[in-house]
Amino acid sequence: PCTNGHTNTDLSTSLSAGLYYIDTDVYVTSDITITDAELLIAGNVTIYVQSGVTLTLKGVHIYGCDEMWQGIVLDQEAKIVCNAGATHDNTLIEDADVAIKLYPVASFPYAIYYYDWAISAGINVVDIKNTIFNRNRIGIDFYMSRFYYGGTTYPTPSDYYPVEIYNT
């Protein structure tokens with residue numbers, strides 16, 4: 001019933017306006033952009049964004065059908081961009097256990113997400129504008145993120161937070 005009119009997708013390519021359904025875990029292995037689309041996600045499904053890949057959501061509505069989906073997980077050196085699309089003013093992420101989660105690297109005694117690569121490249125790991133988080137248990141989980149560059153001197157704050165969040 002929830003999938004009526006939706007086309008199944010595995011997010012292997014960019015998507016334009018339309019109704020899409022994801023019924024199993026998805027691994028995004030190359031840069032993709034989803035624009036002005038509706039993504040219905042089955043319960044307990046996770047979207048994994050692999051290392052070195054950017055997932056861009058422009059005016060996208062992502063939501064669950066009958067139960068919560070797991071959310072979008074960013075691997076080390078992965079990036080997410082969310083903003084307005086051509087016909088929709090906002091991206092809307094709903095019904096996830098954790099809408100966006102930064103996946104930690106296993107590092108004894110702590111599991112930490114390192115940002116050194118993003119700082120060196122001068123990019124934002126999480127770049128979110130005009131995005132609404134609704135009915136999620138957690139909106140963005142930075143887990144045990146390490147927000148400093150591994151040098152002997154500490155950079156100024158504008159240099160060590162590779163995260164940009166506006167109008168959410």
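The values are calculated or read from the model by the stated rules, or taken from the named source; none is laboratory data. Since we're looking at a predicted model, the values are computed, not measured. Neighbour counts are summed over all protein chains in view; Cβ atoms, including those assigned to glycine, are modelled from backbone coordinates with ideal geometry. Side chains included, ligands, DNA and RNA excluded: accessible areas come from the protein's heavy atoms. Shrake-Rupley method; radii C 1.70, N 1.55, O 1.52, S 1.80 Å.
Quick check on my filter: what residues within region 69-103 are open to solvent by 10 Å² or more (accessible area, probe 1.4 Å), of a type outside the set (D, E) and assigned to a loop (DSSP other than H, G, I, E, B)?
Of everything in region 69-103, those that are open to solvent by 10 Å² or more (accessible area, probe 1.4 Å), of a type outside the set (D, E) and assigned to a loop (DSSP other than H, G, I, E, B) turn out to be Q70, Q76, A84, G85, A86, T87, H88, N90, Y103.
Tell me yes or no: at least one residue of region 132-145 is of a type outside the set (A, V, I, L, M, F, W, C), farther than 30 Å from Y63 by Cα and modelled with pLDDT under 85.
no
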Exercise. Tally time: how many residues in region 104-126 are assigned to a strand (DSSP E or B) and modelled with pLDDT of 65 or more?
Worked result: 1
Problem set entry | Any pair with Cβ under 9 angstrom, 6 or more apart, that starts in region 118-129 at a residue that is open to solvent by less than 10 Å² (accessible area, probe 1.4 Å) and ends at one that is polar (S, T, N, Q) and at pLDDT 75 or above | A118/N124; I128/N83; I128/T91
